[in-house]
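Read through the structure below, which is laid out as C-alpha cells, and then see the notes.
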Amino acid sequence: MLTPAQLLQGYAQGVFPMAESARDPRLYWYDPPMRGILPVGGVHASRSLRRDLRRGGWSAHLDGSFNAVVNACADRGTTWINTPLKKLYRDLFRAGFAHALEVRHDGTFAGGIFGVTLGAAFFGESMMSARTNGSKMALLWLSSHLARCGFTLFDTQFLTPHLERMGGREITRDHYRQMLADALGRQADLRSCRLPSADQLWQEITHTS
C-alpha cells in the first residue's frame with residue numbers, strides 16, 4: 001500500500017499515481033514524456049466567462065470542503081480516483097500538503113479543483129463542474145491565488161483541449177523537471193494569503209486576457 005510519504009516522494013521526482021478505474025485498488029506511477037502546465041496567474045478567460053463573472057454571484061473558498069470536492073471529482077462514469085487514492089489525499093490534506101478550492105454561485109456549490117503542494121509547486125489532480133463554468137472559475141481563482149502566494153509551477157499532468165483553451169501548454173519531461181526542481185527549492189503556502197474577491201479577480205483577468 002502506498003503511503004503519504006511515498007506519494008510525496010513520487011511528486012518530488014516528477015511522477016504521479018493513477019488507478020485504472022475506481023474499482024481497481026492498484027495504483028500505477030505515470031511519467032509521461034510531455035507534461036501539461038498552466039500559467040501561474042494569467043490563465044486565459046474567454047469573453048463569455050468574463051461576462052459570467054461580472055454578472056456576480058460567484059465566490060471562492062479554500063479547504064472548507066476538501067472531501068466533498070474530491071468525492072465530486074470522483075463521482076463520474078470513468079475515473080482514475082479509487083478508494084486508496086481518496087484516503088491518501090485525505091491524509092495529505094490533514095498533513096497540510098493537499099488543498100481544495102471550491103467555487104459557489106449564489107451560495108450553491110458550482111465546481112472545484114484539488115491538488116497537492118510541495119515547495120512552490122501545485123500538482124493539480126482533478127476538477128469538476130456542478131454548473132456551467134464551475135471548473136473554469138475554479139481554475140481562474142486558483143491560478144490567481146497561486147501567484148499571490150508565491151507559487152511558480154501549476155502542474156496539470158496532461159493537457160486537455162479544455163485546459164489548452166485556458167492557456168495550458170505542453171512541455172517536455174526534461175523541461176518539466178527543471179521547473180519542478182526550481183519550484184521545490186522555493187517556499188510557498190496556499191494559506192499564507194487571502195483568496196481574491198470576485199471583483200479583484202475580474203480586474204485581474206480583464207487586464208490579462
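Bear in mind that the values in this text are calculations on the coordinates, not laboratory data. Note that the structure is predicted; figures quoted are calculated from it, not measured.
Grouping the Cα pair distances of the chain into 5 Å bins from zero gives a pair-distance distribution of 1, 7, 16, 21, 22, 17, 10, 5, 1, 0 percent in increasing distance order.
Between His145, His105, His162, the Gaussian network model of the chain with springs among Cα atoms under 10 angstrom shows the greatest mean-square fluctuation at His162.
Taking the DSSP beta bridges with both ends in region 33-208, the antiparallel portion is around 90 percent.
Shown in residue order for region 44-57 are the 3J(HN,Hα) couplings computed by the Karplus curve 6.51 cos²θ - 1.76 cosθ + 1.60 at θ = phi - 60°: 6, 10, 5, 4, 5, 5, 5, 5, 4, 5, 5, 5, x, x Hz (x for Gly and Pro).
In the chain, the calculated helix contribution to ellipticity at 222 nm averages -12000 deg cm²/dmol per residue, counting -39,500 (n - 2.57) for every DSSP H run with n ≥ 4. Using the Cα gyration tensor of region 70-157, with a ≥ b ≥ c the square roots of its eigenvalues, what is the shape: rounded (a/c below 1.5), prolate (a/b larger than b/c) or oblate (neither)? Since a/c reaches 1.5 but b/c is at least a/b, the shape of region 70-157 is classed as oblate.
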